[in-house]
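Shown next, in structure tokens, is the structure this report addresses.
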Amino acid sequence: MSTSRSLTRRRRTVAAIAATLALGVLAACGDDEPGDAAGDPTSQAADPTTDTASPTVQPETSDPATEVPTDAPGPDVIPVYYVGDTPQGDRLFREFTQASGVDKLVAAAAAVTTGDPVDPDYRTLWPTGRFASVEQADDAIVVGLADDTWLTRGRLDRARARLAVQQLVYTLQGTIGERLPVRVELDGQPAGTLLGIPVRDGLKARPQLDVLALVNITEPAEGSVVGKRFTASGRASSFEATHIWQVEDASGKVVLEGSAMAEGWIDKLWPWEVEIDARKLPPGRYTFVARTDDPSNGEGGGPTEDTKRIRIE
């Protein structure tokens, strides 16, 4: 290994540790749906069906003595894919976060491997560890392994190992907004496997309906504060593009419900958005639920759902 490459790897290692500390919660306080080009590795940036708006960030009160200068670059918004339970088994759910002062690919990889989602229903499949380097080349996203630990799948079965690899691929491709293959290296040479999955030819994103949960809430985000009227949004693939939304109180009782239409269905996940009128509800803590329609009445495994705990003011 050359001296220059060793220095690069050491810098990336420090950055990977810093990324874990720099990651912050993306608070959804508006009605913008992040563009699929930024969060969906199987979509084209020029696809007219995509929404290119970015999530809004909750302002934070800061000490004037520690405020960042106004000309400093803002934090990067990163789509991180985590694993959650569905009727189809483990699937990937998307959660947005922020990273400051570190390369966004390094931060994205650190978020996947440290597995610290805001939503308690999400988790990572990755064993303890970190990547030595993560960088974008002209023709690929290149991740460097710190050692040979992740060449084998360890305690993961093959299905979970395959999904863990897709968790990484979707996150890194979504972070740069391009469908570049992910190339894995060890000591500067191509690795043959990652978690026991062959990777010598590069890793590509599998079709959305094979690995993603069939409904995913983008806003409101987990733990966010909303007003009496708020916009809910996300992505889904549900029967006839229709899915159910509900608001549950602290006891689990449904206190509001309705339906929302996505822009499509069948072939992939499509954006959806709906206005929620909660003026009849007293302020307090609630759970917002989005659930796919299930015309089979449970015979097909039941509906997929995503939930977010919120506070209505």
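Observations on the model:
- Looking across segment 284-309, just one residue is surrounded by 21 or more Cβ atoms within 10 Å (Cβ to Cβ) and either free of Cβ contacts under 8 Å to residues at least 40 places away in the same chain or not assigned by TED's automatic domain parsing to the domain that holds T242 (or both), and that is Y286.
- Cβ-Cβ under 7 Å pairs, at least 6 apart or on other chains, segment 226-237 side closer than 15 Å to V289 by Cβ, far side hydroxyl-bearing (S, T, Y): S233/T218; G234/T218; A236/T292
- Scanning segment 77-96 for residues that are more than 15 Å from G234 (Cα to Cα) and of a type outside the set (F, W, Y) yields V77, I78, V83, G84, D85, T86, P87, Q88, G89, D90, R91.
- Count of residues meeting criterion [touching a Ser or Thr at 6+ places or on another chain (Cβ under 8 Å), crowded, with 17+ Cβ neighbours inside 10 Å and part of a loop (DSSP other than H, G, I, E, B)] in segment 237-283: 5
- Screening V226 against (1) of a type in the set (A, V, I, L, M); (2) under 30 Å from R153 (Cβ atoms); (3) not assigned by TED's automatic domain parsing to the domain that holds D148 leaves a single unmet condition, (2).
- Flag if D157 is in contact (Cβ under 8 Å) with a residue 24 or more places away in the chain, surrounded by fewer than 20 Cβ atoms within 10 Å (Cβ to Cβ) and of a type in the set (D, E): no
- Within segment 186-222, the only residue that satisfies the criterion of being free of Cβ contacts under 8 Å to residues at least 60 places away in the same chain, buried (at least 17 other Cβ atoms within 10 Å of the Cβ) and among the charged types (D, E, K, R) is R206.
The values are calculated or read from the model by the stated rules, or taken from the named source; none is laboratory data. Treat the numbers as computed from the prediction; the structure is a model and nothing was measured. Glycine gets a Cβ as well: all are built from the backbone with ideal geometry, and neighbour counts include every protein chain shown.
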